[in-house]
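Quick notes on the structure that follows.
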Amino acid sequence: MSASAPLPPDAAAPSAPPLHGPFALLNDEPVAEPGADLLGAGRAARRLAGLLVASRAATPFTLAVDAGWGMGKSSLMRLVDAELAQAPEVHTVWYNAWTSTGTDALEGLIKSVLMRFDRRVLRRGLQRISDRRALLRAVRAATTVAAGPLGVAGLVDELWRGLSVNSQARNGMRQAIGELVQEWSETADFRPRRLLVVFIDDLDRCSDENVLAVCEAVKVYLDVPGLAFVIGCDRSALAPNGLLRDLSPAASAFMEKIFQTSYRIPVADQQGVREYIDRCARAVGIDQLLDERLTTLLAERSARNPRRIKRLVNGFVLEATLNPMWEGFPPEAVVRTLLLQYFYPDFYRMMAGVPGPGAGDVIAEFRTYQQVRWLLRSPEPIPEVELARVNRFLLEHDLPEQTGAAGAETLGRLERQLPSGFPEMVTDQEFTSLIDGLVALPRSEELLRRLREGVELPAPVQPEPAPYLPSLSYGTTPAYGAAPQYGTASPYGVAPSYGAAQAARGVDARVDDAVLRGVRLLWVDDHPRNNEKLVNTFRAAGAVVRIAEDSQAADAALAVESPTVLLSDIARGANRREGLEHIGRLRSEGRYTGPVIFYAGRVTPERAALARELGAHLARGGAEVERLVLCAAEGQLPPPV
């Protein structure tokens with residue numbers, strides 16, 4: 001038996017009987033009623049509402065509800081709104097900053113506030129404005145007031161026209177609005193003073209122009225007694241190194257004055273998020289499929305983000321329901337496969353047959369490595385019956401057989417030949433449980449065979465929309481955790497792609513034909529069909545792509561024309577290093593000194609080090625190849641890392 005043959009599944013490996021729904025989808029809308037609160041935000045909402053009511057005499061003030069994307073800002077604000085509905089003479093208005101642009105944002109917010117006032121208050125305000133204006137404007141406004149009963153919307157439009165007609169009128173806008181608020185909030189009929197709480201949501205999803213317009217409205221024109229603002233945003237996105245990084249010093253100082261205080265929504269604790277996942281799973285019908293390990297994996301790898309958890313759970317349901325690939329397999333197969341794809345995408349790519357030695361059999365290789373690692377780390381001599389297995393595994397990875405007791409040294413050499421994430425993943429209990437459970441499923445061998453045949457699964461759920469993200473530096477993998485971003489600390493986390501970075505800057509994430517038009521690519525690979533999708537993408541974008549199936553054909557092509565970029569595999573035929581050796585010859589002989597990109601589903605520490613020595617980049621996925629080719633075409637290829 002090959003040393004990489006699958007080991008017998010652990011007796012304790014979890015498995016589930018075939019279940020077939022019915023399934024449902026989760027709603028992604030913010031929680032609006034206390035009964036729908038699954039994460040215990042109701043307690044914080046009651047206290048925040050109580051503080052707002054008790055502080056009505058201290059208005060105006062602005063409170064930030066601070067959290068990252070998907071962490072429950074809108075839900076908490078809706079629950080606060082529901083609590084305020086029970087308080088006497090407290091009124092609320094909602095404004096979504098994302099729905100307006102530029103000067104429309106300032107106008108929209110001010111009009112939203114004015115719309116909450118009584119018609120009689122608005123009419124008197126309009127009359128006051130008329131009295132202060134020049135005769136022509138006064139006659140027009142007075143005629144409008146006398147013409148008949150206008151609705152609130154009509155009165156608000158007239159007020160806005162009167163207040164914003166020119167810079168001189170705008171200078172008096174704050175005073176005029178202050179008088180309106182005072183009359184509305186302090187009439188003899190109402191004791192204590194009326195309070196208007198203005199909720200502003202999604203501020204951190206706006207352009208810097210919108211952010212400044214909204215903040216101008218809040219601080220310059222609406223900063224009057226009787227008004228309190230609750231603004232939902234990720235304050236780190238509004239920091240000088242975030243969305244507003246191009247502000248002048250004066251504008252940055254102005255932004256610092258907007259918020260008097262902040263409430264940072266805490267990340268749910270382990271027990272709270274597990275209960276949340278359990279409730280979500282029961283709601284959609286997959287609660288029987290998530291064991292303790294899978295629940296822990298989903299909680300921790302999603303950074304305990306409620307919206308991300310919902311999106312992943314909905315992804316399971318849609319895939320199980322709509323993809324005919326899963327017919328005949330238990331739904332647990334969908335859950336475990338998609339968890340691998342979401343949280344360990346590079347491992348999944350190797351598992352699903354990306355070119356490279358050992359590709360498609362990476363699960364067996366990993367599980368054999370588990371056993372070999374344990375034996376090599378043991379202080380005891382390796383039993384004779386196990387030594388044969390260890391040596392077969394070493395020989396498969398071009399290492400000499402183990403004869404003495406220097407197991408730690410041998411293990412170090414072995415791990416340089418294995419995919420880069422193996423040493424970290426072997427101690428990741430959630431990952432090993434995920435793999436063991438997948439192998440233990442009924443018909444798991446057929447499932448893995450289908451995946452190797454190239455079954456299309458949906459694109460992994462992205463942690464957060466691009467507008468929240470600053471530009472990502474090429475060649476970096478941001479940490480997964482505190483601030484939700486593309487990436488994880490593990491080599492098998494979600495690495496940022498060129499498309500994600502482009503989208504973060506508002507650029508079309510597709511390959512740019514204006515950049516690639518006329519670019520010459522030479523692609524050396526003894527299995528060119530593996531690259532057809534990327535080749536067609538580059539050609540459609542205007543690049544000239546030549547294919548060479550071996551080193552000799554590549555040499556002949558280079559003798560005719562030097563490409564803009566040379567792409568290469570690493571293993572060809574029986575030689576697992578032919579691509580590296582070929583580029584080494586080209587470099588040493590001076591026949592090609594331009595950019596080189598090795599495309600290999602299997603990235604090992606040794607391969608990475610050798611590629612770096614050759615001044616070449618090593619890409620493990622199609623998105624990374626696109627990114628590097630585009631950077632090279634623009635003359636902005638970063639140094640290899």
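The values are calculated or read from the model by the stated rules, or taken from the named source; none is laboratory data. Since the model is a prediction, treat every value here as computed from it, not as a measurement. So basically every Cβ, Gly included, is an ideal-geometry build from the backbone, and we count neighbours across all protein chains shown. To get the accessible areas, we keep the full protein, side chains included, count just its heavy atoms, and leave off ligands, DNA and RNA. Shrake-Rupley method; radii C 1.70, N 1.55, O 1.52, S 1.80 Å.
This table checks each residue for (1) at pLDDT 95 or above; (2) in contact with a Ser or Thr (Cβ under 9 Å, 6 or more places away or on another chain); (3) more than 28 Å from residue 417 (Cα to Cα).
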{"site": "554", "(1), (2), (3)": "yes, yes, no"}
{"site": "557", "(1), (2), (3)": "yes, no, yes"}
{"site": "571", "(1), (2), (3)": "no, no, no"}
{"site": "574", "(1), (2), (3)": "no, no, no"}
{"site": "577", "(1), (2), (3)": "no, no, no"}
{"site": "584", "(1), (2), (3)": "yes, no, no"}
{"site": "587", "(1), (2), (3)": "yes, yes, no"}
{"site": "592", "(1), (2), (3)": "yes, yes, no"}
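Pairs needed: first member in region 163-181, assigned to a helix (DSSP H, G or I); second member anywhere, modelled with pLDDT under 85 and polar (S, T, N, Q); C-beta distance under 9 Å; at least 6 residues apart or different chains.
170/164; 173/164
For region 598-616, which positions are open to solvent by 30 Å² or more (accessible area, probe 1.4 Å) and without any contact (Cβ under 8 Å) to a residue 40 or more places away in the chain?
Result: 610, 612, 613, 614, 615.
Is there a residue in region 98-113 that is aromatic (Phe, Trp, Tyr), at pLDDT 70 or above and open to solvent by less than 30 Å² (accessible area, probe 1.4 Å)?
no
Can you find a residue that is within 23 Å of residue 635 (Cα to Cα), open to solvent by less than 40 Å² (accessible area, probe 1.4 Å), without any contact (Cβ under 8 Å) to a residue 24 or more places away in the chain and not in a strand (DSSP E or B) anywhere in region 587-597?
Within region 587-597, none of the residues are within 23 Å of residue 635 (Cα to Cα), open to solvent by less than 40 Å² (accessible area, probe 1.4 Å), without any contact (Cβ under 8 Å) to a residue 24 or more places away in the chain and not in a strand (DSSP E or B).
Would a scan of region 527-539 turn up a residue that is under 25 Å from residue 352 (Cβ atoms), in a strand (DSSP E or B), among the hydroxyl-bearing types (Ser, Thr, Tyr) and open to solvent by 20 Å² or more (accessible area, probe 1.4 Å)?
No, region 527-539 has no match at all.
Considering region 561-591 alone, what residues qualify as being under 18 Å from residue 523 (Cβ atoms) and among the small types (Gly, Ala, Ser)?
Of everything in region 561-591, those that are under 18 Å from residue 523 (Cβ atoms) and among the small types (Gly, Ala, Ser) turn out to be 562, 568, 571, 573, 579.
Could you please find all residues in region 43-58 being open to solvent by less than 10 Å² (accessible area, probe 1.4 Å) and in contact with a strand residue (DSSP E or B) (Cβ under 7 Å, 6 or more places away or on another chain)?
Of everything in region 43-58, just one residue is open to solvent by less than 10 Å² (accessible area, probe 1.4 Å) and in contact with a strand residue (DSSP E or B) (Cβ under 7 Å, 6 or more places away or on another chain), namely 52.
Would you kindly identify the helices (runs of 4 or more DSSP H) lying entirely within region 288-378 that contain at least 2 residues that are surrounded by fewer than 20 Cβ atoms within 10 Å (Cβ to Cβ) and modelled with pLDDT of 85 or more?
It comes to 292-301, 306-322, 362-377.
For region 610-641, enumerate the residues that are assigned to a helix (DSSP H, G or I), at pLDDT below 95 and closer than 21 Å to residue 418 by Cβ.
The answer is 624, and nothing else.
Restricting the first residue to region 275-294 and requiring it to be on the phi < 0 side of the Ramachandran plot, which pairs with a second residue that is polar (S, T, N, Q) and surrounded by fewer than 21 Cβ atoms within 10 Å (Cβ to Cβ) meet a Cβ separation below 9 Å and a spacing of at least six or different chains?
Going by the 9 Å Cβ cut-off, the qualifying pairs are 277/295; 278/295; 281/288; 281/295; 284/314; 293/429; 293/432.
For region 45-63: of the residues being modelled with pLDDT under 90 and of a type in the set (A, V, I, L, M), which is nearest to residue 238 (Cα to Cα)?
My answer is 58.
Return the only residue of 556, 571, 548 being exposed (fewer than 13 other Cβ atoms within 10 Å of the Cβ) and of a type in the set (Gly, Ala, Ser).
Just a single option satisfies the conditions, and that option is 556.
So the check is Cβ under 9 Å with 6+ separation or different chains; which pairs have a first residue in region 437-457 that's over 13 Å from residue 337 (Cα atoms) and assigned to a helix (DSSP H, G or I) and a second one that's open to solvent by 60 Å² or more (accessible area, probe 1.4 Å) and modelled with pLDDT of 90 or more?
Filtered contacts from region 437-457: no entries.
Quick one: count up the residues across region 201-234 that are assigned to a loop (DSSP other than H, G, I, E, B), modelled with pLDDT under 80 and open to solvent by 20 Å² or more (accessible area, probe 1.4 Å).
Total meeting the criteria: 1.
State the number of residues belonging to region 415-431 that are part of a helix (DSSP H, G or I) and either open to solvent by 20 Å² or more (accessible area, probe 1.4 Å) or touching a His at 6+ places or on another chain (Cβ under 6 Å) (or both).
Within region 415-431, residues that are part of a helix (DSSP H, G or I) and either open to solvent by 20 Å² or more (accessible area, probe 1.4 Å) or touching a His at 6+ places or on another chain (Cβ under 6 Å) (or both) number 7.
Can you tell which of 37, 81 is open to solvent by less than 60 Å² (accessible area, probe 1.4 Å), modelled with pLDDT of 90 or more and of a type outside the set (A, V, I, L, M)?
81
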